[in-house]
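Only one structure is covered here, and it is reproduced in the block below.
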Amino acid sequence: MIPNTLLVALSLLLLSGCIAAESLYQILGLKKDASDADIKKAYRKLSKKYHPDINPDEAAHERFIEVSKAYEVLSDTETRTIYDRHGDAGLKQHEAQKQGGGRNPHDVFAHFFGGGGPAQEQKGPSMLTNVEVNLADMYTGRNLEFQVPRKVICTHCHGSGAESESDIHQCTQCGGQGVIVQRQQFFPGMVGNVQMTCPSCGGKGKQIRRACHLCHGNKVIDTQNTLAVHIPAGAPEGYEEIFQGEADEGVDWEAGDVIVRIRSERIEGRGEWTRKESGIMGRVTLSVAEALLGFERNLTHLDGRTISIQRKGTTQPGEVEVIEGEGMPSFGDIPQGDMYVEYSVILPVEIADDTRIKLADLFNHQISHISRDEL
Ligand SMILES: *[C@@H]1O[C@H](CO)[C@@H](O)[C@H](O)[C@H]1NC(C)=O
Ligand SMILES: [Zn+2]
Ligand SMILES: [Zn+2]
């Protein structure tokens, strides 16, 4: 599941020796219609990849500078428009007018990642999904498709929250700075300036006049994400499959992971088999005659095969018979398990008096409460 942008970026890197000049979009592995969120995402990935702290290679450092430059231009609506219309030449002219132009790539990086090092990448929350399946599915293995709700960046506003570009205005309260400075009296005679996040725009420096009709300004929309899980045969309880980057998308983070955790259904009294680690447990109920004289039973295994049990002798209530190699299949380091069949014996609720006599004779048993004459 390598994102396309990364693939493009990788192939561009391989080719960069023979390409005359890459566009700023190509440097970030993007097309011209990339959204703000795409640009952020590409910069987040690539700047980390080439950051000198991670990649000490000289070529990587040069790439880091290029990536930072591309991001700086394309993340700003004004410079992006200039670049789109007039290309490199237009950009140079604009920078010359502004004097200096171009920030230190490390400042761009620090600004983007909130001043921390490359390790402090913002990742969105991960999502844990518990899925219960039949024990039979864990015995035989199964592919399972299901849907989970997922928020994705709005397809109309690409995460700006505004109906159109022209609906985004500079915040009037803070003048686009995102912060306001207030005079405050700390104690009598001492007054100072307190800098605070602009309450009007929440620190963004922008205000939206008309909210996006699709996401209502939320920047993300609700969708259903289809996940295909492969449950391997013999998977242990709590087996996890991790879908990287498939959790909710957000404007300020890279999507977290969806963790799918598999368990067998825990519905009491359903199905004749239960599981204990790699063992499979079943119960067989015998009549008194069967417990004393022997029996034959056909049990249906989880995969539908018949397991035949035969006994000629007696069986104690609570006795457990081990049928080797008929437990869960081996999985990784976990060896193949065994099957455990526990016997219980049902006694008759009532016995007719004549039967009692017969049984007493048979077992040479004294019946104390009832004399034979009474019968
Ligand atoms: C068990 O299955 C075998 C083979 O299918 C059959 O011959 C036998 O009669 C069955 N026994 C019982 C107790 O159902
Ligand atoms: Zn929207
Ligand atoms: Zn503001």
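The values are calculated or read from the model by the stated rules, or taken from the named source; none is laboratory data. Just so it is clear, the structure is predicted and the values come from calculations on it, not from any experiment. Positions of Cβ are backbone-derived with ideal geometry, glycine not excepted, and every protein chain shown enters the neighbour counts. What goes into the accessible areas is simple: the full protein's heavy atoms, side chains included, and nothing from ligands, DNA or RNA. Shrake-Rupley method; radii C 1.70, N 1.55, O 1.52, S 1.80 Å.
With all pairs of separate Cα atoms included, the stretch 143-237 yields a Kirkwood hydrodynamic radius of 17.1 Å.
Taking the alpha carbon gyration tensor of the stretch 165-209, multiplying each eigenvalue by 5 and rooting it gives semi-axes of 29, 7, 6 Å, largest first. Pairs over the 30 Å Cα-Cα cut-off, from the set Lys32/Lys219; Lys92/Lys151; Lys98/Lys123; Lys123/Lys276; Lys49/Lys92: Lys92/Lys151; Lys98/Lys123; Lys123/Lys276.
So, counting K/R as plus one and D/E as minus one, what does the shell of residues with Cβ under 14 Å around Val148 add up to? Cβ neighbours under 14 Å give a net charge of -4. Using every pair of separate Cα atoms, the Kirkwood estimate puts the hydrodynamic radius of the stretch 266-375 at 16.8 angstrom.
Mean separation of Cα pairs under 8 Å and 6 or more residues apart, divided by the residue count, gives the stretch 165-209 a relative contact order of 48 percent. Residue ranking by accessible heavy-atom surface, 1.4 Å probe, largest first, among Tyr139, Tyr239 comes out as Tyr239, Tyr139. Looking at the chain alone, DSSP beta bridges between its own residues are antiparallel in about 75 percent of cases. Between amide H atoms placed 1.01 Å from N, distances below 5 Å from Thr223 occur with Arg150, Lys151, Val152, all of them 5 or more places distant or on a separate chain. Per residue, the chain exposes 61 Å² of solvent-accessible protein surface, assessed with a 1.4 angstrom probe and all protein chains in place.
Of the trypsin sites (Lys or Arg not before Pro) in the stretch 176-243, the ones in a loop by DSSP (not H, G, I, E or B) with at most 16 other beta carbons within 10 Å are Lys204, Arg209, Arg210.
Taking θ as phi - 60° and the Karplus parameters 6.51, -1.76 and 1.60, the scalar couplings of the stretch 311-316 work out to 9, 9, x, 7, 10, 7 Hz in sequence order, x denoting glycine and proline. When you filter the trypsin sites (Lys or Arg not before Pro) in the stretch 266-359 for DSSP loop state and at most 12 other Cβ atoms inside 10 Å of their Cβ, you are left with Arg266, Arg270, Arg305, Lys312. The calculated 222 nm mean residue ellipticity attributable to helices in the chain amounts to -8000 deg cm²/dmol, summing -39500 (n - 2.57) over DSSP H runs of n ≥ 4 and dividing by all residues. Rolling a 1.4 angstrom probe over the stretch 266-375 with all protein chains present gives an accessible area of which 50% lies on carbon and sulfur atoms. Take every pair of alpha-carbon atoms less than 8 Å apart whose residues are at least six positions apart; their mean separation over the length of the stretch 266-375 yields a relative contact order of 27 percent.
Summing charges over all other residues whose Cβ lies under 10 Å from the Cβ of Asp222, with Lys and Arg as +1 and Asp and Glu as -1, gives +1. Counting protein heavy atoms only, the stretch 53-196 has 47 percent of its accessible area on carbon and sulfur, 1.4 angstrom probe.
The value obtained for the chain, namely the Cα convex hull volume divided by the number of residues, is 302 Å³ per residue.
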